[in-house]
1. To the nearest whole number, what is the average tally of beta carbon atoms from other chains within 10 Å of the beta carbons of peptide A:47-60?
2. Sort B:54-66, A:42-54 by packing, meaning the average of other beta carbons within 10 Å per residue, with the highest value first.
3. Direction-averaged shadow area of the convex hull around the Cα atoms of the protein assembly as shown, nm²?
4. Run the helix sum for chain A: -39,500 (n - 2.57) per DSSP H stretch of 4+ residues, divided by residue count, reported at 222 nm to the nearest 500 deg cm²/dmol.
5. With +1 on each Lys and Arg Cβ and -1 on each Asp and Glu Cβ, how big is the dipole of the protein assembly as shown about its Cα centre, in debye rounded to the nearest 20?
6. Per residue of A:184-192, count partner chain C-beta atoms within 10 Å of its C-beta, then hand back the mean as an integer.
7. Expressed in whole Å with the largest first, what are the equivalent ellipsoid semi-axes of chain B derived from the C-alpha gyration tensor as the square root of 5 times each eigenvalue?
8. Once phi is turned into ³J(HN,Hα) by the Karplus curve 6.51 cos²θ - 1.76 cosθ + 1.60 with θ = phi - 60°, what whole-Hz value does each residue of the range B:17-29 show in order, with x for glycine and proline?
Amino acid sequence: MQAKAVRAAVRATLPVLAGYLFLGLAYGVLMSEAGFPFWYPLLISSVVYAGSMQYAAVSVLAAPFDPLGTFLLTVMINARHLFYGVSMLREYRGAGKIAPYLIFSLTDETFSVNVAADIPDGVEPRVFYFWTSLLDQFYWVAASAAGGLLGSVLTVDTTGIDFVMTALFVSIAAGQWLAGSEHRPALVGFTASAVCLALFGPDNFIIPAMIVIVLALLALRGPIEAKEVRGA
Amino acid sequence: MTTAQTLLTIAVIAAGTMLTRFAPFLLLRGRELPGWAAYLAKTLPSAVMALLVVYCFKGVDFTSAPFGLCELTACAAVAGLYVWKRNTLVSIAGGTALYLVLIRLV
């Protein structure tokens, strides 16, 4: 049963492997160019494990010491993780002893893989979640350490490979759209995010978008739950 | 920064990140999920996936050529391939390959 779970997890995380390999390598190279030996990206990818924050942290680590500012910046950049926790509440709360690791390793990509998982018969969900989470982190840590070691030796033109992450999210969104008949949450998410991006700009739109999404979803609770009861 | 300050900064970043990941589980520790939380747990996944897609577009400049057309075309290809083949890997590989070609041509 473990072997079956591992096989399913390897297959489910292949897109993440491709994305993390390039983004992790690029992160390690960036750190090495900023003057940090390879064990810094290794350590940070192990204990922080949050891609976009780690990229932002390259300049934070080069700036003067500012623990409070750093903490606030981290919470703002990572606020979207709150939504992943709420989405996985039931599944992860029932995971027992491994729940803390599952929660610790809930990145954008691991969330996407697990929330949309088509878990094979006979595989316990929590075992599947554990392997996807562990594999994803292994890809990320290994790639960042390798990037730190290789440094600027890497000169291959990989521009655009990070699109693999966008593609992962788009294909999962398409799968969610086709899987159900209730499309209002997806439309709310898209509209609120696009409008907030246009209004607040790329650096400040996530938190307003999250607030609008929650308020709009709560406002739609009556009609959405009524539709569900009708079995539509 | 000294080495100690660098390590402390890394610890602060780790703590801030973990706060955002653990908060929902710590705040809703009770046995039964309140109705609004169960409702959000069901509706947020598709809303947040749309947010993530938009998030990937945050660096794209729609006001000057090529107006994000490479990204939009490749995303349409990913979605189209998914609807056609119902296979995540095929749609990601196809869309990314198309994107790599497009950005080198345009």
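No lab work stands behind these numbers, since they all come straight from the coordinates. Predicted model, so just to flag it, every value in this text is computed and none were measured. Cβ: placed from backbone, ideal geometry, glycine included. Neighbour counts: every protein chain shown.
1. Working: counts 7, 9, 4, 7, 0, 1, 5, 3, 0, 1, 4, 0, 0, 5.
So the per-residue partner count for this stretch is 3.
2. Numbers: B:54-66: 13.5, A:42-54: 21.2.
My ranking of the peptides, most packed first, is A:42-54, B:54-66.
3. Taking a quarter of the hull surface, the average projection is 18.1 nm².
4. Working: 14 runs with 174 residues, N = 232.
After summing the helix terms and dividing by residue count, I get -23500 deg cm²/dmol.
5. The dipole of the protein assembly as shown has a size of about 880 debye.
6. For peptide A:184-192, the averaged partner shielding equals 6.
7. 35, 26, 13
8. The phi angles translate into 5, 5, 4, 6, 8, 8, 3, x, 6, 6, 6, 10, 7 Hz.
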